[in-house]
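Below: one structure, written as structure tokens.
The values are calculated or read from the model by the stated rules, or taken from the named source; none is laboratory data. Since the structure is predicted, the reported quantities are computational estimates derived from the model, not experimental observations. Here the Cβ positions follow ideal geometry from the backbone for every residue, glycine too, while neighbour counts run over all protein chains shown.
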Amino acid sequence: MYVADARRYESMPYRRCGRSGMLLPTISLGLWHNFGGADVFENGRAMLRRAFDLGVTHFDLANNYGPPYGSAEENFGRILKMDFGCYRDELVISTKAGWDMWPGPYGDFGSRKYLLASLDQSLKRMGLDYVDIFYSHRPDPQTPIEETMSALADAVRWGKALYVGISAYNPAQTMEAVKSLRSLGRPCLIHQPKYSMFVREPERGLLQTLEHEGLGCIAFSPLAQGLLSDRYLKGIPRDSRAARDFFLKKNDIDEHRLTQIRALNALAKERGQTLAQMAIAWVVRDQRVTSALIGTSRVEQLEQNIASMSHRKFSEEELRQIDEVLAGEGRVSAAEKTA
Ligand code: NDP
């Protein structure tokens with residue numbers, strides 16, 4: 001029987017999610033990859049247990065995580081039942097709907113019919129009465145924002161979710177969603193954008209909007225799906241995400257990217273960290289980012305990534321050097337040194 005580590009709350013820092021009452025761990029774990037029916041169940045179970053032992057209280061899912069679709073929620077439900085039954089109130093569990101889930105016109109995007117049916121299915125798969133956060137996974141240009149937001153608000157009203165969130169909404173769409181939810185008396189808790197050293201779009205207005213409106217921000221793919229680590233320094237390992245050539249493409253790892261990765265790796269070494277650790281610390285250097293939402297394929301990665309929390313500060317000079325590398329100019333000599 002799993003008994004959680006009694007010291008699990010001693011080292012993970014928790015941050016307030018915008019202007020809400022919710023605190024999230026500065027690192028959260030997502031189940032997009034490595035927890036599906038095609039993956040090794042016990043490996044996923046070991047990562048969830050270890051994460052919780054290290055203070056990760058937030059697990060992020062979506063209806064279509066797998067493969068096959070739905071299987072990450074099913075596996076998570078089994079693990080919850082086996083290991084986390086008595087810890088439900090210590091967990092923040094989120095799910096989403098908005099991408100393709102089932103055939104036909106009612107299994108995709110942002111209609112009320114899709115969102116609420118999907119949430120019921122998610123709850124059933126996970127064996128839960130409610131999720132902590134229910135997200136609109138992406139904006140739907142064809143559906144009135146009021147319809148999508150009122151479906152989220154009703155999920156809360158009916159006790160199927162405690163909070164609501166949005167993902168992949170740009171600043172203007174975010175403002176519309178926030179206003180609509182406010183008018184329904186259900187504030188938007190959180191936004192989930194893609195954010196990493198390689199994807200800095202949220203710095204162009206979104207983070208400012210979130211701060212102004214009092215929303216939290218949970219940054220997904222902070223390692224750019226593994227690019228921001230030492231994983232690809234010596235080629236493409238057979239068991240890596242890039243080897244599957246689907247969500248992360250082999251072509252994404254070109255010479256320009258590798259030069260940047262080598263240079264960043266050298267900077268991380270100078271800080272006494274791995275590149276994955278520096279990439280996570282970099283994402284949460286901004287206090288507007290509540291949590292870095294990572295993925296891992298094994299317990300060792302998880303442990304390494306969570307250890308980044310012991311060295312989160314950057315000097316101005318370090319940040320300048322990182323910007324220089326990302327602008328494509330800097331640190332070639334350092335890259336060459338480590339190549
Ligand atoms: P990351 O950017 O953290 O990438 C995770 C991958 O990086 C791992 O699977 C692993 O790849 C590699 N990795 C992790 N740690 C290390 C390490 N220490 N050393 C070397 N390699 C490492 O995040 P994800 O792209 O997995 O996304 C995280 C979560 O964000 C998802 O699970 C999901 O919850 C959420 N998400 C949300 C989206 C949205 O639209 N809202 C979209 C995408 C993700 P490998 O498997 O090769 O070992």
Quiz item: Here are some conditions: (1) at pLDDT below 95; (2) under 19 Å from the mean Cα position of the chain (by Cα). Asp252 meets all but one. Which one does it not meet?
Solution: (2)
Quiz item: Pick from region 288-302 the residues that are part of a loop (DSSP other than H, G, I, E, B) and under 19 Å from Tyr195 (Cβ atoms): which of them is nearest to the ligand (Cβ to nearest atom)?
Solution: Gly295
Quiz item: Just wondering, is there one or more residues in region 167-185 that are more than 8 Å from the ligand (Cβ to nearest atom), among the hydrophobic types (A, V, I, L, M, F, W, C) and within 17 Å of the chain's Cα centre (by Cα)?
Solution: no
Self-check item: Matching option when the condition is assigned to a loop (DSSP other than H, G, I, E, B), near the ligand (Cβ under 8 Å from one of its atoms), more than 18 Å from Leu29 (Cα to Cα) and at pLDDT 95 or above, among Arg238, Arg231
Solution: Arg231
Quiz item: Taking interchain pairs and intrachain pairs at least six residues apart, which have beta carbon atoms under 6 angstrom, with the first residue in region 238-249 and on the phi < 0 side of the Ramachandran plot and the second near the ligand (Cβ under 8 Å from one of its atoms) and basic (Lys, Arg)?
Solution: Ser240/Arg231; Leu248/Arg241
Self-check item: Verdict on Ile79 being in a strand (DSSP E or B), at pLDDT 95 or above and more than 11 Å from the ligand (Cβ to nearest atom)
Solution: no
Practice problem: Return the only residue of Ala279, Ala224 being in contact with a Phe, Trp or Tyr (Cβ under 7 Å, 6 or more places away or on another chain) and either among the charged types (D, E, K, R) or crowded, with 16+ Cβ neighbours inside 10 Å (or both). | Solution: Ala224
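Among the residues of region 146-154, is there at least one that is closer than 28 Å to Thr26 by Cβ and buried (at least 17 other Cβ atoms within 10 Å of the Cβ)?
Pass one, region 146-154, residues closer than 28 Å to Thr26 by Cβ: 152.
If we keep only those that are buried (at least 17 other Cβ atoms within 10 Å of the Cβ) too, we end up with 152.
Within region 146-154 (the criterion being closer than 28 Å to Thr26 by Cβ and buried (at least 17 other Cβ atoms within 10 Å of the Cβ)), the answer is yes, since at least one residue qualifies.
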Quiz item: Can you name every residue in region 1-38 that is out of contact with any Pro (no Cβ under 9 Å at 6 or more places or on another chain) and among the charged types (D, E, K, R)?
Solution: Asp5, Arg7, Arg8, Glu10, Arg16
